[in-house]
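Presented below is the structure to which this report refers.
The values are calculated or read from the model by the stated rules, or taken from the named source; none is laboratory data. What you see is a predicted model; the values in this text were computed from it and never measured. Counting neighbours? That spans all protein chains shown, and the Cβs are built from the backbone with ideal geometry, glycine included.
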Amino acid sequence: MTCHPGEPDDTGSRRTESCPVRAFVTRLTPEGRGAIAVVRIWGPDAVDVASALFRPQGQLRLDQTAPSRLRLGRIGEALGDEVVAVVLEAAVPTVEVQCHGGAAAVELVITALEKAGAQRCDRWRVTEQAASDRLSAEALNDLAHAPTILTAEILLDQAQGAFRRELVRLTEAIDQQPVQALAVVEELIRRAAVGVRLPPGWGVVIAGPPNLGKGRFLNGLAGFPRAIVDPAPGTTRDVVTIRTSFGGWPVEIVDTAGLRRTEDAIENLGIAMSQREQERADLVLLVLDR
């Protein structure tokens, strides 16, 4: 029978009328390739499920191990993946497994835990439980995708309640200092334009006629030859991008095909792509011949 979790009960489990879910599993680290991934199992039967699969390097089973003690072993069919498992000290029984960060290795571990009875769920479920409110949960979720140290610092501050503290200050000022309260509102609105850009960053498109050094400029910003540079007009036909940062702010810079009239069908496709990139850019850097 397939169990579809409903609302969590006071043990951290989700239940339905027909089928109680006794353990959940999710990947905590962001999707994509990495050196190490962290998988969490939690719920009333989390330790039992993990212990049944964990093949320790030694005689002591995982459920016989003291909390917070790291254990080396394997999880998964056949040889499985070499992992480090730890039983956490938490209100709800919880186990974290550190495995290799490749997609296949993570899926091997999670699939094995599913077959043992754990219900796979989205990482957002764990984030909501760890956060004090929805705003903090959103910041924690974005923190996993922060591209620079500066954006990570801002998101961490938000995850720890910075916006909630501002709302408290605003509430206190409305009756006694309405002018000051209005200034706080205007400041929050101004900051919002920056806040929505923290994970994705800003988009800058380098545009203009062909053969004016747009690709060379992109290569200079990148620090390596990202774009092909040639004196012949129309060399750039596709969209060429780099991701970088200025003062800690994440920016994607896009080099596009030079804008001109041409009978070349392929170059015209590149020009059309250039125009679309300009429409969605936050800033168009127009390069012209003086």
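Table for the structure above
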quantity: The one condition in (1) touching a strand residue (DSSP E or B) at 6+ places or on another chain (Cβ under 9 Å); (2) of a type in the set (A, V, I, L, M); (3) farther than 21 Å from ALA281 by Cα that ALA183 fails to fulfil; calculated: (1)
quantity: Residues of segment 134-157 satisfying the condition of being in contact with a Gly (Cβ under 8 Å, 6 or more places away or on another chain) and not aliphatic (A, V, I, L, M); calculated: SER136, PRO147, THR148, THR151
quantity: Some residue of segment 247-259 being touching a strand residue (DSSP E or B) at 6+ places or on another chain (Cβ under 6 Å), in a helix (DSSP H, G or I) and surrounded by 14 or more Cβ atoms within 10 Å (Cβ to Cβ); calculated: no
quantity: Test: residue in segment 239-248 that is modelled with pLDDT under 80, on the phi < 0 side of the Ramachandran plot and of a type in the set (Ser, Thr, Tyr); calculated: no
quantity: Pair list, Cβ under 6 Å, 6 or more apart: segment 183-202 residue more than 20 Å from GLU138 (Cβ to Cβ), other residue in a helix (DSSP H, G or I); calculated: VAL184/LEU170
quantity: Residues located in segment 114-148, provided they are part of a helix (DSSP H, G or I) and at pLDDT below 75; calculated: ARG123, TRP124, ARG125, VAL126, THR127, GLU128, GLN129, ALA130
quantity: Within segment 30-64, tally of residues that are surrounded by fewer than 16 Cβ atoms within 10 Å (Cβ to Cβ), part of a loop (DSSP other than H, G, I, E, B) and of a type outside the set (Lys, Arg); calculated: 9
quantity: Among the residues listed as GLU138, GLU77, GLU89, GLU114, the single one being closer than 30 Å to GLY247 by Cβ and among the charged types (D, E, K, R); calculated: GLU138
quantity: Test for THR171: is it under 18 Å from VAL25 (Cβ atoms), modelled with pLDDT under 90 and among the hydroxyl-bearing types (Ser, Thr, Tyr); calculated: no
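This table checks each residue for (1) of a type in the set (A, V, I, L, M); (2) under 19 Å from GLY117 (Cβ atoms).
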residue	(1), (2)
GLU31	no, no
VAL39	yes, yes
ASP45	no, yes
ALA52	yes, yes
ARG61	no, yes
GLU96	no, yes
